[in-house]
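Down below is the structure, laid out as structure tokens.
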Amino acid sequence: MAAIRIDATPQHLIDVLTLGFSSDPMMRWLFPEPHAYLQHFPVLLNLFAGEAFKNDTALSTDDGSAAALWLRPGAYPDGDGIMAFFNDVLSKEILEDSNRLVELEDELHPDESCWHLAMVASDPTSRGKGLGSALVDHILIQCDAEGKVAYLENTNPYNLDFYKRRGFVVVGEIQAGKSPTMFGMRRDPR
């Protein structure tokens, strides 16, 4: 298993996650042009998961080729900031759908205190080496020890089995208009 570190260098993690999400269906629906994706994804990442940098729950593998941003219980994405950002940068064709997605995400998020896996990805050249598994499992061990639920919104259907192998179950689908489907997934402590 890869060694895990708490990474105090947000830019390094942002770079790895930007590479890792570059072919993600939801992210590329939001930002279909390469330039727009590279410009706007890091901003969205900070709005969605910036609390991980403040709370020492931004993790990377020891070689720096994979990263995960976890929101600890009581930490949340900046919903108002996300909506304002979307209003500023998204095309009119997808703005209404994207704002509805944010509302649906809020509705599906567990009511009880939980760990939220905001993002996990690896450099595409490092996929298949178990790095993402190590980053997810690292916090799941803590979830089990604390008796806490883990939650995520999976934006890529190809990752469903990855999460199911870790005990996550789909609790709802999140889709609006012409958007891709996200899958709200929950894992009860073991």
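Couple of notes before you dig in:
- Residue within the stretch 89-100 that is in contact with a strand residue (DSSP E or B) (Cβ under 8 Å, 6 or more places away or on another chain) and either closer than 22 Å to Leu160 by Cβ or surrounded by 15 or more Cβ atoms within 10 Å (Cβ to Cβ) (or both) present: no
- Residue count, the stretch 54-66 (criterion: surrounded by fewer than 21 Cβ atoms within 10 Å (Cβ to Cβ) and either in a strand (DSSP E or B) or out of contact with any strand residue (DSSP E or B) (no Cβ under 8 Å at 6 or more places or on another chain) (or both)): 3
- Residues of the stretch 65-93 satisfying the condition of being farther than 21 Å from Phe21 by Cα and more than 17 Å from the chain's Cα centre (by Cα): Asp80, Ala84, Asn87, Asp88, Lys92, Glu93
- If you filter the stretch 167-189 down to residues that are among the hydrophobic types (A, V, I, L, M, F, W, C) and in a strand (DSSP E or B), you find that the one that is nearest to Pro32 (Cα to Cα) is Met182.
- Counted residues, the stretch 4-46 - those being closer than 25 Å to Leu160 by Cα and either of a type in the set (Gly, Ala, Ser) or not in a helix (DSSP H, G or I) (or both): 8
- The set of residues in the stretch 153-163 being over 15 Å from Met27 (Cβ atoms) and in contact with a strand residue (DSSP E or B) (Cβ under 8 Å, 6 or more places away or on another chain) consists of Leu160, Tyr163.
- Filter result for Leu71 (in contact (Cβ under 8 Å) with a residue 12 or more places away in the chain and hydrophobic (A, V, I, L, M, F, W, C)): yes
- Flag if Ala121 is surrounded by fewer than 21 Cβ atoms within 10 Å (Cβ to Cβ) and among the hydrophobic types (A, V, I, L, M, F, W, C): no
- Sole exception among (1) out of contact with any Ser or Thr (no Cβ under 7 Å at 6 or more places or on another chain); (2) surrounded by 14 or more Cβ atoms within 10 Å (Cβ to Cβ) for Leu131, by number: (1)
- Enumeration of residues in the stretch 33-57 that are farther than 19 Å from Asn99 by Cα and modelled with pLDDT of 95 or more: Glu33, Pro34, His35, Leu38, Gln39
The values are calculated or read from the model by the stated rules, or taken from the named source; none is laboratory data. These figures come from a predicted structure and were not determined experimentally. Here Cβ is always computed from backbone atoms with ideal geometry, including for glycine, and neighbour counts include all displayed protein chains.
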